[in-house]
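S.K.: Following this message is one structure expressed as structure tokens.
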Amino acid sequence: MTPDLFAAAPTPAERAAELRAELHHHAHRYYVLDDPEIPDAEYDRLFRELQALESQHPELLTPDSPTQRVGGAVLDGFATVRHAVPMLSIRTETDTEATGAEAFDARVRRELGLSDTDPPVDYVAELKFDGLAISLRYEAGVLVQAATRGDGEVGEDVTQNIRTIGQVPLRLPTDVPAILEVRGEVYMRRDDFDALNERQRAKIAAGAKGEKTFVNPRNAAAGAVRQLDSGIAAQRPLSFFAYGLGEVLNGHGSEPLFTTQHGLLMRLRDWGFPVAEQTRVCHGSEQLISFHRDIGIQRDSLPYDIDGVVYKVNDLSLQRQLGFVTREPRWAVAHKYPAQEQLTTVQAIDVQVGRTGKLTPVAKLAPVFVGGVTVTNATLHNELEARRKDVRVGDTVIVRRAGDVIPEVVSVVSDKRVGDPPPFSMPTHCPICGSEAVREEGEADHRCTGGLFCSAQRKQAILHYAQRRALDIEGLGDKLVEQLVDAGVVRTLPDLYRLGLTALASLERMGEKSAGNLLQALDQSRHTTLPRFLFGLGIRHVGEATARDLARHFGGLDRIMAASVDELLEVPDVGPVVARSIRTFFDQDHNREVVEQLRACGVSWEEGAPAERAPQPLAGKTFVLTGTFPTLRREQAKELLEAAGAKVAGSVSKKTDYVVAGEDAGSKLDKARELGVAVIDEATMQRLLTEGSFT
Ligand code: IVH
């Protein structure tokens, strides 16, 4: 719509029509296709122009005007709407396993009188959106009414609120039937739901009365659709997917517009309705099963909640042939997934102690089956988080477990709280050893100050020491450490090397053979390296890389133990927090004692001379490694580069100086080329290591 300088100025009516057409077009690009052509500000400008025009000329206002999306009118109640074609529900296949799809296919085949030798039936597999069903009525292509399902026969007129949904077209192209009812699901995206609850929490915190947070996107969507004040509904971000039809009266001859469910969905999409892209035509039950499985995998990464998938016989004439039983079609079924959220009650809030003494509040729950497993614990992370969610003992809570993520308490169902249980507060002392628990300035976590005196920390410390990247003691896992510490057999790390075959073999679930294997693993761990040993001690803030830097800089353990904070600060990449943590660790007698005893038990490594400010030809350079090198393993190359002062990063960016590429280098190489980063081979890297630059 380019302005034509020579044309006469449009009349207000013409301009209003022009603006409405433009706004319809851009709303479809924005809300349905997610691909806007113009910036938001430009859309707003057109929108305001139309608003101004309509307020100057109220006779120009039409029900399909985009300005009607903002809501505003407040109703006393909803009018009722009798559905011209009843809104039915679908049978739910309770079997959440693959066999659910087989049972449906078998029923359909039987009803159609098909034998095993007949070809597979075609189905359309769709998502089962977790929102609420809505019927949209268009007359001459204009949205005139939107109704809830109600009891299937009579619903409520929620037109005002539905008009506020950007994805619902207010006007359709000219080739649509004279009367067209489109049915689908109104829902709320998860990100919109989170943002809405965030705003609600802020209102509550600011003292607003009568505000509440919503339990889940479905409830929030249902609440918004049934809002009497459409101005409020307009602030609740809703979305829409179309999946079927109600009444259709065709003014366009008798040619059927579609003969299959899939054809119907594609037509709805052409008319401007959102249709989920996952929709598939499936031949027979096998393809239904794989659809169910594939969507199950994608489920957590979808931007909205689904509670299952829906299968529908594709051919509309077969649908008619199958018909209905009571109020459910025989040609469709909902195949569910195990629910990811469940209600349960909090029986207690325990506090667990980690390796570095971090105290974690954990809600102990009445066992509940959620996301495919029985859950009895959910972390509350720290005191702040527990207080933010205001979880209290006795509360009814929503527990969520999605995919393999650890279960969490989503929120408390506040109206179900009985009495006035006290809010959670962190204990002032460690629940395991009774030492004082403190929270340092600027930190969210409380910590037990008991150090290795605390048996919980001791268990974690032993596991840390034994892990593969530290002393690598195979076979020393949580169960065994638990037993050893609880039985009082192992109190400190050196006790591990004093274990005897008889003591070990007498432990539960420990045969003589595994006891022997463990002793052998312990023996092997005596020969180690200084970086592994340092890392294994579990000094706070000393990870593997820092342990390597320390070992390289000082050469020997005694020099590290004696180093002042200032001397420690000379180590590359060691800052004040790390330096102080190392100093504090070795200032404690019991830690020095542990080190001495470990050495006395034969734990040893090769020491070197302190690095005389070892030459660092590659200081300040960043490398990325990719592919397989001819002579060095990736890990070795990394160590060499780091020893020469370089940083080795995991991904290529503009800050990368060199990408070292070996055979079968992948996307990192492409990225390097794209960004113009120097790509070198192993030989060139070796040259850089000795010379620091190309010569
Ligand atoms: S078809 C005659 N398709 O699930 C068949 N329903 O009881 C009518 N739903 O009330 C429904 N996604 O709210 C259909 N792709 C989908 C759906 C779907 C969600 C809801 C709908 C309906 C309920 C089924």
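S.K.: Return the residues of segment 74-85 that are of a type in the set (A, V, I, L, M), closer than 26 Å to ILE179 by Cα and surrounded by fewer than 16 Cβ atoms within 10 Å (Cβ to Cβ); say none if nothing qualifies.
M.R.: Hits for segment 74-85 are ALA79, ALA84, VAL85.
S.K.: Hey, another quick one. Hey, which of the strands (runs of 3 or more DSSP E) in segment 86-191, taking only ones fully inside, have at least 2 residues that are open to solvent by 30 Å² or more (accessible area, probe 1.4 Å) and within 16 Å of the ligand (Cβ to nearest atom)?
M.R.: Values: elements: 122-129, 132-139, 142-148, 154-156, 179-187.
Counting at least 2 such residues, we get 154-156.
S.K.: A follow-up question, please. I'd like to check something: does segment 415-429 contain any residue that is touching a Ser or Thr at 6+ places or on another chain (Cβ under 6 Å) and open to solvent by 30 Å² or more (accessible area, probe 1.4 Å)?
M.R.: For segment 415-429, residues touching a Ser or Thr at 6+ places or on another chain (Cβ under 6 Å) and open to solvent by 30 Å² or more (accessible area, probe 1.4 Å): present.
S.K.: Quick check: anything in segment 496-515 more than 24 Å from THR356 (Cβ to Cβ), at pLDDT 90 or above, within 40 Å of the chain's Cα centre (by Cα) and aliphatic (A, V, I, L, M)?
M.R.: Scanning segment 496-515 turns up no residue that is more than 24 Å from THR356 (Cβ to Cβ), at pLDDT 90 or above, within 40 Å of the chain's Cα centre (by Cα) and aliphatic (A, V, I, L, M).
S.K.: Which one of these is aliphatic (A, V, I, L, M), in a helix (DSSP H, G or I) and either more than 20 Å from the chain's Cα centre (by Cα) or within 16 Å of the ligand (Cβ to nearest atom) (or both): ALA195, ALA221? Reasoning before the result, please.
M.R.: Numbers: ALA195 fails: either more than 20 Å from the chain's Cα centre (by Cα) or within 16 Å of the ligand (Cβ to nearest atom) (or both).
Every option except ALA221 fails the conditions.
S.K.: Give segment 325-374 a look and list any residue that's part of a strand (DSSP E or B), within 30 Å of ARG91 (Cβ to Cβ), β-branched (Val, Ile, Thr) and out of contact with any Leu (no Cβ under 6 Å at 6 or more places or on another chain), or say none.
M.R.: VAL325, VAL333, VAL368, VAL370, VAL373, THR374
S.K.: If you don't mind, there's one more thing I want to ask. Among the listed residues GLY692, GLY676, identify the single one that is out of contact with any Lys or Arg (no Cβ under 6 Å at 6 or more places or on another chain), open to solvent by less than 30 Å² (accessible area, probe 1.4 Å), at positive phi and not basic (Lys, Arg).
M.R.: The unique qualifying residue is GLY692.
S.K.: Would you point out which residue out of GLU328, GLU341 is under 36 Å from the mean Cα position of the chain (by Cα), more than 12 Å from the ligand (Cβ to nearest atom) and open to solvent by 10 Å² or more (accessible area, probe 1.4 Å)?
M.R.: GLU341
S.K.: Still on this structure, I have one more. Quick one: how many residues across segment 198-218 are within 16 Å of the ligand (Cβ to nearest atom), of a type outside the set (Lys, Arg) and open to solvent by 20 Å² or more (accessible area, probe 1.4 Å)?
M.R.: Residues flagged as within 16 Å of the ligand (Cβ to nearest atom), of a type outside the set (Lys, Arg) and open to solvent by 20 Å² or more (accessible area, probe 1.4 Å) within segment 198-218 amount to 1.
S.K.: Scanning for something in contact with a strand residue (DSSP E or B) (Cβ under 6 Å, 6 or more places away or on another chain) and farther than 30 Å from VAL574 by Cβ, does segment 670-684 turn up at least one residue?
M.R.: yes
S.K.: So which residues in segment 315-349 are in contact with a Ser or Thr (Cβ under 7 Å, 6 or more places away or on another chain), under 30 Å from PRO427 (Cβ atoms) and modelled with pLDDT of 90 or more?
M.R.: Result: THR345, single match.
S.K.: Does ARG69 fit the bill of being basic (Lys, Arg) and open to solvent by 60 Å² or more (accessible area, probe 1.4 Å)?
M.R.: no
S.K.: Now for a separate question. Suppose we filter SER285, SER301 for residues that are more than 16 Å from the ligand (Cβ to nearest atom), hydroxyl-bearing (Ser, Thr, Tyr) and surrounded by 14 or more Cβ atoms within 10 Å (Cβ to Cβ); which single one remains?
M.R.: SER285 is the lone residue from the list that is more than 16 Å from the ligand (Cβ to nearest atom), hydroxyl-bearing (Ser, Thr, Tyr) and surrounded by 14 or more Cβ atoms within 10 Å (Cβ to Cβ).
S.K.: Within segment 451-461, track down each residue that is out of contact with any Asp or Glu (no Cβ under 9 Å at 6 or more places or on another chain) and at negative phi.
M.R.: LEU452, PHE453, CYS454, ALA456, GLN457, ARG458, GLN460, ALA461
The values are calculated or read from the model by the stated rules, or taken from the named source; none is laboratory data. As the structure is a computational prediction, the values presented were derived from the model and not from experiment. Here Cβ is always computed from backbone atoms with ideal geometry, including for glycine, and neighbour counts include all displayed protein chains. Surface areas here come from the heavy atoms of the whole protein model, side chains and all, with no ligands, DNA or RNA. Shrake-Rupley method; radii C 1.70, N 1.55, O 1.52, S 1.80 Å.
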